[in-house]
1. Going by the structure shown, is S89 among the small types (G, A, S) and at pLDDT below 95?
2. Evaluate the following for N184: is it over 26 Å from R319 (Cβ atoms) and of a type in the set (S, T, N, Q)?
3. Only one of S281, S307 is buried (at least 19 other Cβ atoms within 10 Å of the Cβ), out of contact with any helix residue (DSSP H, G or I) (no Cβ under 8 Å at 6 or more places or on another chain) and not assigned by TED's automatic domain parsing to the domain that holds Y21; which?
4. Give the residue, chosen from I251, I262, that is over 19 Å from F331 (Cα atoms), among the β-branched types (V, I, T) and assigned to a helix (DSSP H, G or I).
5. Taking the conditions exactly as written (over 21 Å from K244 (Cα atoms) and not assigned by TED's automatic domain parsing to the domain that holds S132), does Q337 satisfy them or not?
6. Restricting attention to the stretch 103-136, which residues are of a type outside the set (S, T, Y), under 22 Å from I357 (Cα atoms) and in contact with a Gly (Cβ under 8 Å, 6 or more places away or on another chain)?
7. Just to be sure I understand, how many residues within the stretch 57-109 are farther than 13 Å from G39 by Cα, among the β-branched types (V, I, T) and in a helix (DSSP H, G or I)?
8. Could you list all residues from the stretch 334-353 that are surrounded by 14 or more Cβ atoms within 10 Å (Cβ to Cβ) and either modelled with pLDDT under 95 or of a type in the set (S, T, N, Q) (or both)?
Amino acid sequence: MTKRKICVVVASRPNYGRAKYIMKAIEEHPDLELQLVVGASTLLYRFGKAVDIIEKDGFKPLRKIYYVVEGETPSTQAKSTGLGIVELSSVFEDLRPDIILTVADRFETIATAIASVYMNIPLAHLQGGEISGNIDERVRHSITKLADVHFPSSEDARQRLLKMGEDPEMVFNYGCPAMDILANEDLSISNERMANYGGVGTPLDWTKPYILVLQHPVTTSYGQGFQQMSQTLSAVKEFSKIQKVVLWPNIDAGTDDVSKGIRVFREKNMDLPFHYFRNFSPEDYARVLKNASCLVGNSSSFIREASFLGVPSVIVGDRQEGREHGKNVAFANYDQQEIYAQIEKQLAAGRYESDPIFGKGDAGKRIADKLATIQIPKKKRLTY
């Protein structure tokens, strides 16, 4: 029997964390063959070069493609999307997959979707139907209308997909595969385990309390990233007796402004208990999340994974505006005093109960099983 070829495109740091357990399940499935394509920021050192972690985990990319236009402006983001369509089309023509799987809501994701659909290759989409701020929501819903098979991560998201006219027989809520890591890995942390990541800043003791800061640019407020990041770091700075772990932002338009905010702050506060990192493996990032005293910034992981882990989070600004969330989340505007007050409140609250909004930790295998058996119609129509 010929195996069904599933092409998974991993094109950003968070993409890999979302897709890893699906990739494992595809490799282990007797009726499936994994075709892994990595590209965009996964290949770039300044964004953590996630491809090194992917290969260390034992996955072998069939293609590595560069399609990031330097500058990280709205214009270059649009151009990167176009270049992604060009490069991915050539890859898909060469690999001839039976189904392409793409993740979430980024410019790399819509490039994958457009190339897939125009080449008549069935498209499976993970994490559709969610609400958020930024340009992400528009992109996510656009991909929904292009995709054939949907794997939303929550029941609310599934219901939105049905209201958008998607075929109920093509929509499956198995939860988010990122929860598989949380449910199946030992998330204890130690200095020995984390020593290889290096980073810069004052010495860090992972066994003592720390605040994790991760704030990405917001494309709809391009040009304001420096001020936004500065407000967050100034608020976190006030908690002088607790360590701070800071991760560099993703590649979205405006990342240079956010990165500048981090660099300027770092240079002026070299003696304070801050340590700065580029990237972690999905498992070690889960450990960093799990063992943090509080999460501050606008990463979706502070809502998704943190709800499962019960870690108190402060979401800053409007990048995640409207997103479904658990009781572990508090919100603040880009205002130092407001951010400080919410962090203080969350530190006092401590751990929350686990909330399985986004799954129970068994999504990867269920998605792989469905990809192995589903029959996808050649034509797609609205259902209303």
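1. Details: among the small types (G, A, S): yes; at pLDDT below 95: no.
No, not satisfied.
2. Details: over 26 Å from R319 (Cβ atoms): yes; of a type in the set (S, T, N, Q): yes.
In short, yes.
3. Working: S281 fails: out of contact with any helix residue (DSSP H, G or I) (no Cβ under 8 Å at 6 or more places or on another chain).
Of S281, S307, the one residue that is buried (at least 19 other Cβ atoms within 10 Å of the Cβ), out of contact with any helix residue (DSSP H, G or I) (no Cβ under 8 Å at 6 or more places or on another chain) and not assigned by TED's automatic domain parsing to the domain that holds Y21 is S307.
4. On the way: I251 fails: assigned to a helix (DSSP H, G or I).
The conditions single out I262.
5. Details: over 21 Å from K244 (Cα atoms): no; not assigned by TED's automatic domain parsing to the domain that holds S132: yes.
Answer is no for this residue.
6. Listed by number, the residues that qualify are I131, G133.
7. Result for the stretch 57-109: 1.
8. Q336, Q342, Q346
The values are calculated or read from the model by the stated rules, or taken from the named source; none is laboratory data. Keep in mind it's a predicted model, so treat the numbers as computed, not measured. Note that each Cβ is placed from the backbone with ideal geometry, even for glycine, and that neighbours are counted across all protein chains shown.
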